[in-house]
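Student: Have a look at this one before I ask anything.
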Amino acid sequence: VLTADIDMTGEDWTPIGDTNDGYTGTFDGNGHKISNLVCERTGDKQVSGLFAVLMENSVVKNLGVENGVFTSSTSTAGAIAAKSRLGKVINCCRKFAGLDRIMQKQRIGKGNVGLGTQRRYRRGAGL
């Protein structure tokens, strides 16, 4: 549980987890924000985000990301997570000064998660 806002000015960020194992826990931002988070990744399969991959049953909730820069020259990027494999992002937002600056494979994106896997439900099926 985050207990205060965090300013990451001047720090170079490496995502929590990796693309093989990913994050499997619950992260509660408790209504706080992380600002000025910079995650600029180069090289083979280098993802960019606060988390690398959210695995099934993982949860990131109640968190804000403000004025972050997330880039990847070869893979995906997202403010909260570069990828999600059935992980949940609940009540999270990102805010950037001016243009959203999330890049994946040299394309501008605008999401909390760069690439996701989701379950589809038929009408009448429960979540």
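Student: Scan segment 1-28 residue by residue and report those that are outside any loop (DSSP other than H, G, I, E, B) and among the hydrophobic types (A, V, I, L, M, F, W, C).
Tutor: ILE6, ILE16, PHE27
Student: Another question, if that's okay. Got a number for residues in segment 34-54 being more than 18 Å from THR74 (Cβ to Cβ) and in contact (Cβ under 8 Å) with a residue 60 or more places away in the chain?
Tutor: Number satisfying all stated conditions: 0.
Student: Further question: Within segment 58-87, how many residues are more than 10 Å from the chain's Cα centre (by Cα), part of a strand (DSSP E or B) and over 19 Å from ASN20 (Cβ atoms)?
Tutor: Going through segment 58-87 one residue at a time, the tally reaches 8.
Student: So, in segment 29-57, of the ones that are of a type in the set (Gly, Ala, Ser) and outside any strand (DSSP E or B), which residue ends up least open to solvent (accessible area, probe 1.4 Å)?
Tutor: GLY49
Student: Restricting attention to segment 1-28, and to residues there that are of a type in the set (D, E, K, R) and open to solvent by 80 Å² or more (accessible area, probe 1.4 Å), which single residue is farthest from GLY68 (Cα to Cα)?
Tutor: It comes out as ASP21.
The values are calculated or read from the model by the stated rules, or taken from the named source; none is laboratory data. Keep in mind the model is a prediction, meaning the values are calculated, not measured. Cβ atoms come from the backbone with ideal geometry, glycine included; neighbour counts cover every protein chain shown. Heads up: the accessible areas ignore ligands, DNA and RNA and are worked out on the full protein's heavy atoms, side chains in. Shrake-Rupley method; radii C 1.70, N 1.55, O 1.52, S 1.80 Å.
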